[in-house]
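Only the coordinates and a few stated rules stand behind these numbers; no lab work does. Model, not experiment: these values are computed from the prediction. Using ideal geometry, Cβ is built from the backbone for each residue, glycine included, and neighbour counts are taken over all protein chains shown.
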Amino acid sequence: MEVKHKSAIKLNVGLDKEKLPVHIDWEAPGNPNGEGAKECKAFLLSIFDKESKDTMKIDIWTTEMQIIEMDRFFFQTLRAMTDTYYKATKNQKLANAMQQFVQYFGEETEILPKSKQ
């Protein structure tokens, strides 16, 4: 397939003297949050290599990221991954199982109220 357009996503990580991340910002054309770089506290990047069929990943968070924020970040990421998995595979059985874990994770981290069972 011929590439007609290209777009770049730019991530900048500011490090302290111990080389720990203290500032992260990102920018991309068409960013729904507006033009210019936007500050964030963490990002997870997974890339599936075409040839090796391996997944490479980069996980970075700033020193100011709190545990409750990491819990929320993972809850929202797991929920989105479940939706993406279903859209890509249409495997309802596994998507439901993943959603059950997301619910459990949300309850255990107190992002969601506990289910009454």
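What the table below lists for this structure:
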read-out: Label-point gap, in nm, between F105 and I68 - each point 7 angstrom along Cα→Cβ; value: 2.0 nm
read-out: Filtered GluC sites (Glu not before Pro), segment 51-117: DSSP coil and at most 16 other beta carbons within 10 Å; value: E51, E64, E110
read-out: Whole-Å semi-axes of the ellipsoid equivalent to the chain (Cα gyration tensor, √5λ, descending); value: 28, 24, 14
read-out: Centre separation in Å (Cα based) which lies between segment 1-66 and segment 93-117; value: 28 Å
read-out: Total charge dipole magnitude, the chain, about the Cα centre, Cβ charges on Lys, Arg, Asp, Glu only, Debye to nearest 20; value: 540 debye
read-out: Relative contact order for the chain, counting Cα pairs under 8 Å that sit 6 or more residues apart, in percent; value: 15 percent
read-out: Volume of the Cα convex hull of segment 1-63, divided per residue and given in Å³; value: 121 Å³
read-out: Exposed-loop-free span, longest in the chain, where trypsin sites (Lys or Arg not before Pro) count as exposed if DSSP calls them loop and at most 11 other C-beta atoms lie within 10 Å; value: 54-89
read-out: Cβ-derived FRET efficiency at R0 22 Å, E39 paired with I9, nearest 0.05; value: 0.90
